[in-house]
1. Pick from Pro170, Pro46, Pro117 the residue whose mean-square fluctuation is largest in a GNM of the chain, springs joining Cα atoms under 10 Å.
2. Using per-residue counts of other Cβ atoms within 10 Å, averaged over each peptide, order 82-94, 17-29, 139-151, 58-70 from highest down.
3. Explain nothing, just the number: dipole magnitude of the range 1-103 about its Cα centre with +1 on each Lys and Arg Cβ and -1 on each Asp and Glu Cβ, in debye rounded to the nearest 20.
4. Taking all protein chains in place and a 1.4 Å probe, what share, in percent, of the accessible surface of the chain do carbon and sulfur account for?
5. Where nothing but the Cβ of Lys and Arg (+1) and of Asp and Glu (-1) is charged, how large is the charge dipole of the chain around its Cα centre, in debye to the nearest 20?
6. What whole-number value in Å² describes the accessible area per residue of the chain for a 1.4 Å probe?
7. Have a look at the DSSP beta bridges in the chain and tell me what percent are antiparallel, nearest 5.
8. At a Förster radius of 25 Å, what calculated FRET efficiency corresponds to the Cβ-Cβ distance of Glu23 and Ile114, to the nearest 0.05?
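The values are calculated or read from the model by the stated rules, or taken from the named source; none is laboratory data. Computed from a predicted model, the values in this text were never measured in an experiment. All Cβ positions, even for glycine, are placed from backbone atoms using ideal geometry, and neighbour counts span all protein chains on display. Just so you know, the surface numbers come from the protein's heavy atoms only, side chains and all, with ligands and any DNA or RNA stripped out. Shrake-Rupley method; radii C 1.70, N 1.55, O 1.52, S 1.80 Å.
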Amino acid sequence: MAVMDWDTLTEQCKSCTACMLAETRTNVVVGVGVAESEVMFIGEGPGEQEDLKGEPFVGRGGQLLDKMLAAVGLSRHHNIYIANIVKCRPPGNRDPLPDEQEACIKWLRNQVAIIRPKIIVCLGRISACRLIDPNYKVTKQHGEFVSKGGILMMGTFHPAAILRNPNLKPAAFEDLIRLRDKITEICEHTKLVY
Ligand code: URA
Ligand code: SF4
């Protein structure tokens, strides 16, 4: 697919029926944030609250994510863009199936093609396995930057995993500090907000 403009992408994505998830969704969760961002965060797929509101990471995990991001000067309202691998909620919050990911990834590819981020942060295993390496191990590789197609990619813990296991918080914060250092180094247009 050729690169489309932002409004066309949003409009077409919102009416997508390319996989089974279309049948059970309330809203398509296209993404949220600043389209001119140099940094993107990619989660797995909408949960219940996200499906109801049409915005990524607005449940308990999302509140934790926003708090942790704020600590390093990042905010969906100012300097980042947040999206998911699949745009519609998998029923019961199951993992998105490979064919659902395959059907949906074109939207994310178009989002990346338009935004042209310098850094992509993958939140959790599903996202990191899809975007960095099929064998990605979050516990081993979190916080490492790898360059792929001219974009620096990093995986870190999914906020839901941190909620389940608060012992992960210090390591997750270390990843965010590394991210902030990298942003300061290479993202000349990103203004951190405190
Ligand atoms: N979990 C995700 O991976 N993405 C969301 O948008 C919400 C919860
Ligand atoms: Fe389309 Fe993605 Fe929703 Fe499936 S999950 S219907 S591919 S937008």
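1. Evaluated over the chain, the most mobile residue of the options is Pro170.
2. Values: 82-94: 21.0, 17-29: 16.8, 139-151: 12.2, 58-70: 18.4.
Per-residue Cβ counts within 10 Å, averaged per peptide and sorted highest first, yield 82-94, 58-70, 17-29, 139-151.
3. Details: 9 positive and 16 negative charges, 77 e Å.
Computed charge dipole of the range 1-103: roughly 360 debye.
4. Working: 4920 of 9660 Å².
So the carbon and sulfur contribution to the accessible surface is 51 percent.
5. Details: 24 positive and 23 negative charges, 85 e Å.
Charge dipole, the chain, about its Cα centre: 420 debye, nearest 20.
6. Numbers: 9660 Å² over 194 residues.
Accessible area per residue: 50 Å².
7. 30 percent
8. Numbers: r = 28 Å, r/R0 = 1.12.
Step by step, r from the Cβ atoms, then E = 0.35.
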